[in-house]
Amino acid sequence: MAMTPWVTWPALTKFGTLGIMGALLVLAGQREDLLNNNMFDEEDWAGRNAAIVCDQRSLTARTEDGTCNILENPAEGSAHVNFGRNVNPSVAQAETLNDTLLVPNPREVSNLLMSRGDDFKPATTLNFIATAWIQFMVHDWFDHGPRSDANPIEFPLPPGDALGSGTMSVQRTRPDPRVSGTETTVTYENINTHWWDGSQLYGSDKATNDAVRSFIDGKLEVDADGRLPTEFLSGKPVTGFNENWWVGLSMLHHLFTLEHNAIADMLKANNPGQSDQWLFDKARLINSALMAKIHTVEWTPAILANPVLERAMYANWWGLGGDRDTRDRFQGDLDTLNNNLAQLGSLFSLVGIDTGLGDNPTSSIEHALAGLVGSRTPNNYGVPYTLTEEFVSVYRMHPLLRDNVDIYDIGSNIVDTSIPIQHTRDSNAEALLGDAGADRLWYSFGITHPGALTLNNYPDFMRNLSLPFVGDIDMAAIDILRDRERGVPRYNEFRRQIGLKPITRFEDLTSDPTLLANLKTLYSNDVEMIDTLVGQLAEETRPEGFGFGETSFQIFILNASRRLMTDRFFTTDYTDAVYTAAGIDWVEDNTMVDVIRRHFPSLASSLAGMDNAFKPWGLNMPADYQSWSAGAKQDHLWVNGALRTSYAAGSVPAIEPIDIGGLINSVLWTKVRDVTDVTPPGYSKPIHPRGALAKVQFVPSAGHPFTGLFKGADHGLLRLSVTGDPSDRGFAPGLALKLFVDGRRSENISALYTLSGQGSNHNIFANEMSNYVQPEVNETLGTTALFSLVSTKPTLLVMSDMAKVNQDGSGVGSVKAPTQIYFVPNTSLRNAISTAPHDFRDDLTTLPAGTRVYDVYGTSQAIRTSLFPWVTERYARERRDSAVKIGELVTTSAFTLSQFGDTGIFFKHQRYEDR
Ligand code: HEM
Ligand code: HEM
């Protein structure tokens, strides 16, 4: 721990609520330091302000170009104002051809470190709406504008490049038109307003704003179908900002244009007689604030899914105590903090944190936990508000893009059409929105995953992007070049500048041997040369749940808060008087789910139970699912399957009786043949219909002879069930275990006590279970006979597949599988549970993560039977006596009861014939 360069606050979360609240204070302290030390202004305000007159309207409305938000310094945050810096200007030196601009060759960085190739790495806790959303936001915040034609940057294609030999040419960023030549730092204009004001919809100048308005009832222009008008030549929508267009942007601009118009309708109904301009101005304020709120309390906690961040973002908007009457979600946490303040210091020293909060953290608490929005005056910490070059840099999130838009029918898990993203660009975007149907696209984006923000995850089309009038470009190479060109420091200096520890070795970043080798070669073993984007994407150590690493996060902490706390319309003027009371309610009471549902009622059932529209809407099994890591597959089934479909308290379905008639041929064959983790369409479980599911780990014992997954498996799912309603044919428990493998199919084993069960004993842990049970002469169910249709040994499951593969996906040379294994229940669990009739699932859901549920024993003695039952018994006893302990099954989550756990998850049986 001591040696790591990474932040330590995430370690506090293991101390429960107080730790989480402590971490929140640490973050607040960091933000305070950043606000005091890391804001550098690059603008001549007097020159800017000279021509600006703030009229009466600007007192209560956002202006088209963003001027007059801060009345004393009216140019602050407006369009065409220069980007500021979060690093000291003395280190923000542009790299040039004479020094390091091309070192190492940006195309080589792209080829070696950025290329995804066929290996798409998904971010499984997010959906693809999150990708389109962040680009939509970025277009509200900033753009460097059209590039310059003069003096392009040229560099050779590296040997063996897929594009052949020759050179690649990249246009330079358009220089700041007002540069005199004497400046020490390079500066660039933001062509959009710096404010969070919806300028991607409303434009950043009067002409664009006029073009999007209908001038009737405060509304934006839409056609008879509610769609945006399009530009004659480009076919792209007429909207505030329409660069880098694709269908994801069409969807969002369409949705929030409709939302604006819905707000305008509401305003007009409440305020008959108000002018078009009045209605427009209010609708813009409300719509912009709604988008800012969705970003703050929904998008951000989805991509930074950590309890500390969830509270931090909630506090950013509302204040944890809840200024508004009904917001008491975290009141309990606040109480814990207040009542235990004295203990915080020792928690901090336990994880080695110097809080920077001083001896008395109380004074910072108010600041940390009070809402930024509403109820306070704007505060720019003495530095006029602008976004910064470093902020632009950390939002280079192109790996979030998939290669294809997969389109599904609403409610379906089956891809109907798959369209390469490059075919969804520019005018194709609007055509697709019409052809595919906006609601189907929203559903499809809702259930598919974006790419993860890691190295080697730029989609290939982005590395070979055709732009009109520009030619073929490589976005990854450009992203690298832009930071160098614009004087954003390289990674290690970037970290030093923003109060983070520099790394000392490449091994600090990643443990992947290939990546390490490539990084070291490319950067000539010099950690100081690592490009800032490369370092950010490489960071393997991330706070739990974080979709990006701490270097990006540090920039984000500062700017995310600053955008809210400097803006008059999020502070002093976030009031009923300026927004109208119904307007404030609209912002406060609506979520992204509400907005989607309002405009696409057909999605109501797909959104059922969703509290965050940016998390995967359902369990979708992408074509490349099997190639994922064991952990990612477990996580996906657990989060998007089990957790998403958990039964609400009080609505757990009763256990149905066995449905013998359902054990039809096709079900039996599917059970022994299909290689899948989820049930195929039309498949249902006629026996064992209800159970409880938990994440488990198989912890191996030392020295046993069995190979493959028997040597250990960290990612498994365990399902405990009964054959059917115990009041029908007695209590007959069963166990199904799935162990995940990196890049390959999972392996499964099931076990029973006996075919007919344990009669009236309702203790699920009463007896050992095994993969082999003896046929029973008077088995009333007749499953043995039925299962004989597909196997000569219907009461045996074999485990050779499980012994053939290790959890990292490597094969085993000399395979050794047990013939029989025994799941021996933990004695204390067994003794704790009643044998009287009751629902066994209630016993399981009380068990915490970390419970050792079974000891597992295995033997390699052959399974023999005799015509004489007593001899068969003796063989069984001998086998059991010869078995040695091979490991333990330990839960890594609580047990859940869910629809997915009952009907969705599939455990393949391996037949004797398939060993
Ligand atoms: C199909 C979708 C997209 C396309 C075609 C696209 C294309 C581009 C292009 C051509 C540029 C300008 C490159 C230059 O400096 O020469 C750019 C810049 C950028 N893109 Fe994207 N992009 C897409 C999606 C995204 C997404 C999802 C994000 C996520 C945040 C993103 C963030 C950025 C940022 C931060 C910049 C820098 C802007 C600036 O320099 O002011 N883009 N993109
Ligand atoms: C080879 C002949 C067998 C066939 C055709 C067969 C078929 C089935 C079917 C159709 C189901 C219900 C549907 C499902 O869970 O997906 C099932 C469930 C189950 N079977 Fe078998 N079975 C066979 C042998 C065995 C044996 C020998 C054992 C254990 C000794 C066993 C243990 C289980 C268990 C524990 C379940 C419940 C699985 C769960 O929790 O999801 N089966 N089997």
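Overview of values
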| item | result |
| --- | --- |
| Where Rh is the Kirkwood radius over Cα pairs, Rg/Rh for the stretch 500-550 | 0.95 |
| Dipole moment magnitude, nearest 20 debye, the stretch 730-817 about Cα centre, only Lys, Arg, Asp, Glu C-beta charged | 200 debye |
| Hydrodynamic radius (Kirkwood) for the stretch 810-915, which is based on Cα pairs only, to one decimal in Å | 17.2 Å |
| Cα-centre dipole for the chain with unit charges at Cβ (Lys and Arg positive, Asp and Glu negative), debye to 20 | 3040 debye |
| With eigenvalues of the C-alpha gyration tensor scaled by 5 and rooted, the stretch 511-629, Å | 40, 27, 9 |
| Compactness of the stretch 48-156 - radius of gyration and Dmax, Cα, Å | 20.6, 57 |
| Extension gain from S834 to T872, taking 0.36 nm per residue of separation minus the Cα-Cα distance | 10.5 nm |
| Exposure of H295 as accessible area (Å², to 10), given a probe of 1.4 Å and all protein chains | 0 Å² |
| Where the stretch 601-678 is the region considered: accessible area per residue in Å², 1.4 Å probe | 43 Å² |
| Cut-off 11 Å between beta-carbons: net charge of the residues surrounding E540, Lys and Arg +1, Asp and Glu -1 | -3 |
| Accessible area of the stretch 576-714 belonging to carbon and sulfur atoms, whole % at 1.4 Å probe | 56 percent |
| C-alpha center-to-center spacing [the stretch 187-215, the stretch 729-777] in angstrom | 64 Å |
| Fully extended contour minus Cα-Cα distance, from D725 to D99, at 0.36 nm per residue | 217.7 nm |
| Computed E for S349/D526 - FRET, C-beta separation, R0 30 angstrom, nearest 0.05 | 0.25 |
| The chain: radius of gyration over Cα atoms, expressed as a fraction of 2.2 N^0.38 Å | 1.04 |
| Volume in Å³ per residue [convex hull over Cα atoms, computed for the stretch 187-330] | 167 Å³ |
| The stretch 486-531 - accessible surface per residue (Å², probe 1.4 Å) | 42 Å² |
| Ordering of 50-59, 211-220, 461-470 by packing [mean C-beta count within 10 Å, highest first] | 211-220, 461-470, 50-59 |
| When the stretch 48-88 is reduced to its Cα atoms, the Kirkwood hydrodynamic radius in Å | 10.9 Å |
| Förster-model FRET efficiency, 35 Å R0, D55 and D460, C-beta, rounded to 0.05 | 0.10 |
| 3J(HN,Hα) from dihedral phi, the stretch 208-220, Karplus parametrisation 6.51/-1.76/1.60, rounded to Hz, x for glycine, proline | 5, 4, 4, 5, 8, 8, 8, 6, 10, 6, x, 8, 8 |
| Spin-label pair Y683/A150, simplified geometry with 7 Å Cα→Cβ offset, distance in nm | 6.6 nm |
| Within the chain, percent of DSSP bridges classed antiparallel, to nearest 5 | 95 percent |
| Set K695/K908; K695/K804; K121/K685; K14/K685; K695/K816 screened for pairs whose C-alpha atoms are more than 28 Å apart | K121/K685; K14/K685 |
| On Cα atoms only, tilt of 427-436 relative to the major axis of the chain in degrees | 40 degrees |
| For the stretch 484-570, alpha-carbon Rg and Dmax in angstrom | 14.9, 50 |
| Gyration tensor (alpha-carbon) shape descriptor, the stretch 95-231, a/c threshold 1.5 | oblate |
| Accessible area (Å², per residue) of the stretch 689-745, counting only protein heavy atoms and a probe of 1.4 Å | 28 Å² |
| Packing-based ranking, highest mean first, of 662-670, 13-21 given that Cβ atoms within 10 Å are counted | 13-21, 662-670 |
| Proximal charge balance of D855 [Cβ under 15 Å; K/R count +1, D/E count -1] | +2 |
| Those lysines that a straight Cα-Cα span of less than 26 Å connects to K206, excepting residues fewer than 8 apart in one chain | K219, K236, K268, K282, K293 |
| Inter-centroid distance (Cα atoms) of the stretch 865-915 relative to the stretch 3-56, Å | 55 Å |
| Local electrostatic count at S214 - Lys and Arg +1, Asp and Glu -1, tallied over other residues with Cβ under 11 Å | -3 |
| 0 to 90° range, to nearest 10: angle between helix 16-37 axis and the chain longest Cα axis | 20 degrees |
| Extension gain, A577 back to V672 (0.36 nm per residue minus Cα-Cα distance, nm) | 27.4 nm |
| In degrees, nearest ten, helix 129-141 long axis to first principal axis of the chain (Cα) | 10 degrees |
| Gap separating the Cα centres of the stretch 812-842 and the stretch 116-154, nearest whole Å | 50 Å |
| Cα extents of the stretch 612-718 along the three principal axes, largest first (Å) | 44, 40, 32 |
| Principal axes of the stretch 426-500: Cα extent on each, largest first, Å | 49, 33, 19 |
| Whole-percent carbon and sulfur share, accessible surface of the stretch 128-189, 1.4 Å | 55 percent |
| Apportionment of accessible area to carbon and sulfur, the stretch 801-870, percent (1.4 Å) | 54 percent |
| Cα principal axis extents for the stretch 372-529, largest first, Å | 53, 51, 37 |
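The values are calculated or read from the model by the stated rules, or taken from the named source; none is laboratory data. These numbers come from a predicted model, not from an experiment. In this analysis, Cβ positions are derived from the backbone assuming ideal geometry, glycine residues included, and neighbour counts consider all displayed protein chains. Each accessible area value is taken on the protein alone, full model and side chains, heavy atoms only, with ligands, DNA and RNA left out. Shrake-Rupley method; radii C 1.70, N 1.55, O 1.52, S 1.80 Å.
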